[in-house]
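Peer 1: There's a structure below that I have some questions on.
Taken together, the values in this text are just the output of simple stated rules run on the coordinates, not laboratory data. Here the structure is a predicted model, which is why all the values come from computation and not from measurement. Reconstructed Cβ throughout: ideal geometry from the backbone, glycine too, with neighbour counts over all protein chains shown.
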Amino acid sequence: MTISPPPGTAEPARAASPLTISEQGAFWVGVGRKPTEAGTAAEAAMHVQYQIPADLRHPLPVVMVHGGGGQGTDYLSTPDGRPGWATRFLQAGYAVYVVDRPGHGRSPYHPDVLGPIEGAAPTYEFIRWLFCDGAGRPGSQWPGSGEIGDDSALDQLMASQGPTLPTFAENEEQMRRCGAELLDRIGPAVLITHSMGAPFGWLVADARPGLVKAVVSIEPIGPPFIELPGLGKLQPAQSRTPDSSAISRDLTARRPQRVYGSASGSGVRAASRAGSGKAGPAV
């Protein structure tokens, strides 16, 4: 299968390098059953879309985890139609797995399983503040005007947004459960997470330390006590008391480092870029 750029595209790089896919598909992990008054419902599952390039040049696949009330489509293309990170990594020779966290996108929200939706879906005003602040000024990464009613990119981003799970604890438990099952199925991988999806990387690394070869966290959510405008307060999520004997005394040696070059070999270093929370996984 060869993916060619749409006619009339303004980006010559795409026309110069069509992408050939050798294998692609989709599946769900974390599928369970839960009794409800109406019958047996499917437990919160996680949708996984994958593509493997014909020119596979790296042994480790990458798993891309979206943030907030978004969905896996955040990585497929930018709001103004340019290739997303999924395409860029495929072009670089990586197998790519893009997930929709439970309750988001192609992993439908079932209130009888996940609880009633609390709070409204993100508004234009909230998303504009989060992603478009500074639009039109030098250094801004937002491609449009940032004005409601006069920005097709903002419209495209808004169309992908939905409500989040009722509690952060439930959100993180579902990510841990489904993420661990995903790696059990596909094997060792590099996890790329964004914003509210960041705990996915750390929780799955804790659950499957031998399968997580790196966690690249973009603008990660945290620390564990914070108030998020428009989303509420972040309460303690995983109620575990760590074993003090297992905590490294050498924090300097374990501090995540920025990754330079490509991931190869038996493992790679982790990277964490703490940002302002006002830019998403756009290329």
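Peer 1: Given R₀ = 30 Å, FRET efficiency for Asp80-Ile186 by Cβ-Cβ distance, to 0.05?
Peer 2: After rounding, the FRET efficiency stands at 0.45.
Peer 1: Taking the simple approach of a point 7 Å from Cα along Cα-to-Cβ for both Thr40 and Ile21, what is their distance in nm?
Peer 2: Taking the simple label geometry, Thr40 and Ile21 are separated by 3.3 nm.
Peer 1: For region 18-78, with only Lys/Arg (+1) and Asp/Glu (-1) charged at the beta-carbon, what is the dipole magnitude about the Cα centre, in debye rounded to 20?
Peer 2: Its charge dipole is roughly 100 debye.
Peer 1: At what distance in nm do the modelled label points of Arg88 and Asp150 sit from each other, each positioned 7 Å from its Cα along Cα→Cβ?
Peer 2: Placing both labels 7 Å along Cα→Cβ, they lie 2.9 nm apart.
Peer 1: So for Phe126, Phe27, Phe89, Phe200, fewest C-beta neighbours within 10 Å to most, what's the order?
Peer 2: Ordered by Cβ neighbours within 10 Å, fewest first: Phe27, Phe126, Phe89, Phe200.
Peer 1: Next question, about the same structure. Show the residues, 5+ positions off or on another chain, whose built amide H is closer than 5 Å to the amide H of Ser107.
Peer 2: His47
Peer 1: Still on this structure, please answer the following. Quick one: net charge around Gln49, please, counting Lys, Arg +1 and Asp, Glu -1 for every other residue with C-beta under 10 Å from its C-beta.
Peer 2: 0
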